[in-house]
Amino acid sequence: MTTGMDDRGSREGDPPRPPADTIAALRKSEERLKAILASLPDLIFRIDREGTFLDFHTPSLDQLAVPPEQFLGKRLSDIMPEEIARESLRLIAGTVRTGEVSPVQEYRLFVGGRLSDFEARFARCGSDEVIAIIRDITARKQAEETIRKNAEYLRQVQKFDAIGGLAGGMAHHLNNLMTVVTGYCELLLTRISAADPLRPDIEKVYRAGERATDLTREMLAFSRRQILQPQTLEVNRILSGISTALQDLAGRSVRVLFQPGNDAGVIRVDPDHLRRIMTQLVANARDAMPGGGEIRLSTAAVERIEPIDGIETPPGRFVLITVQDNGGGMDAETRDRIFEPFPSLKTGSEGLGLPSVYGFVKQSGGDIFVDSKPGRGTTFRIYFPRINRTGDPGAGGESPAPGTPNT
């Protein structure tokens with residue numbers, strides 16, 4: 001009697017079943033493949049040569065820009081932005097034709113409400129299909145940008161240190177020479193009468209000498225070699241005390257709005273130099289708004305942990321002073337050069353106004369950052385180490401000793 005099955009359990013006419021050990025090997029291979037896929041952070045798609053999505057693998061559905069039902073069976077051009085889809089189809093066609101893995105394609109997409117960076121590679125799978133391997137490289141791009149900004153910041157600091165050393169030496173010698181000039185002018189003015197025809201000329205020389213002395217003072221400020229007399233200051237109190245003077249400086253067409261933060265804190269800096277840099281920043285903002293505008297001066301107590309503008313800085317407790325205007329703003333090239341001495345743009349007296357601000361802030365143990373774009377105004381952010389009420393430095397770092405330059 002026949003049963004219609006061969007001795008291995010197959011019906012007559014059906015292909016023979018693989019041996020049991022072969023089936024077990026295939027199952028093990030499938031399990032290994034699943035384990036490998038589960039461990040990969042990449043998105044994997046099977047796509048035909050026309051760009052139609054056939055299948056996919058993802059570690060998490062949250063990594064998909066759209067749900068599976070919105071892309072399976074549809075073409076790249078239906079899902080992706082036109083430029084990205086066009087480049088992907090070009091790479092897919094080349095991979096199907098040559099059998100070689102495609103060059104890397106990089107693009108940006110909004111996923112989960114945020115803009116993310118991706119890289120894609122395509123490998124041929126069969127005669128008219130490819131496997132697309134998509135990797136989220138957002139974290140890597142952010143790390144690369146942080147490294148780039150830190151390297152640029154380091155170059156800027158090194159450049160300013162070199163220029164500051166030169167400026168400090170020049171200022172020292174120039175100051176000695178101008179002391180002689182102004183001293184002899186004062187002596188001459190005491191020896192001639194008010195009606196002497198030479199007196200106006202001597203007074204002009206004296207005033208020029210005074211301006212040169214002011215210039216050397218700003219050069220010393222930029223080089224961080226000026227003599228400071230730091231005091232423990234309540235930042236809201238001292239800025240409130242000069243707010244009226246800052247408004248007078250800004251003029252009628254510019255409104256200065258002081259917004260003190262709640263218990264912004266105490267800092268240890270030279271009060272005269274702090275007033276001077278605030279005056280410089282307000283004057284600079286005023287000049288950026290010839291048609292009028294608003295300057296916002298604010299303070300806040302901050303815990304600085306994360307990088308600022310992508311730049312790694314020491315963490316700690318700080319007082320943040322912000323000076324913001326709604327003027328015309330600056331392009332990136334101008335912004336990057338704003339603290340250089342004598343740049344080809346108006347930055348203050350004798351081209352050393354903002355460089356002297358930079359020097360004072362750094363000499364006082366602080367940091368200064370500027371954010372500006374054309375048409376969006378300019379914002380200066382100054383971080384001074386915050387100290388406790390007894391005058392001891394807090395976690396933000398030490399202040400220079402009274403009366404000593406920071407070299």
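Some notes on this structure:
- Rg and Dmax [Cα atoms of the stretch 50-158; Å; Rg one decimal, Dmax integer]: 16.8, 58
- Percent of Cα-Cα distances greater than 11 Å, calculated over the stretch 117-157: 70 percent
- Note on the stretch 177-293: Rg/Rh from C-alpha atoms, Kirkwood Rh, equals 1.12.
- The distance linking the stretch 280-298 with the stretch 46-118 is 49 Å (Cα centroid to Cα centroid, whole angstrom).
- Pairwise FRET efficiency - Ser60 versus Gln229, Cβ, R0 = 60 Å, nearest 0.05: 0.50
- With all protein chains modelled, accessible area of Ile84 [1.4 Å, Å²]: 20 Å²
The values are calculated or read from the model by the stated rules, or taken from the named source; none is laboratory data. Keep in mind the model is a prediction, meaning the values are calculated, not measured. FYI the Cβ positions are ideal-geometry reconstructions off the backbone, even for glycines, and counts take in every protein chain you see. Accessible surface is based on the protein model in full, side chains and every heavy atom, while ligands, DNA and RNA are left aside. Shrake-Rupley method; radii C 1.70, N 1.55, O 1.52, S 1.80 Å.
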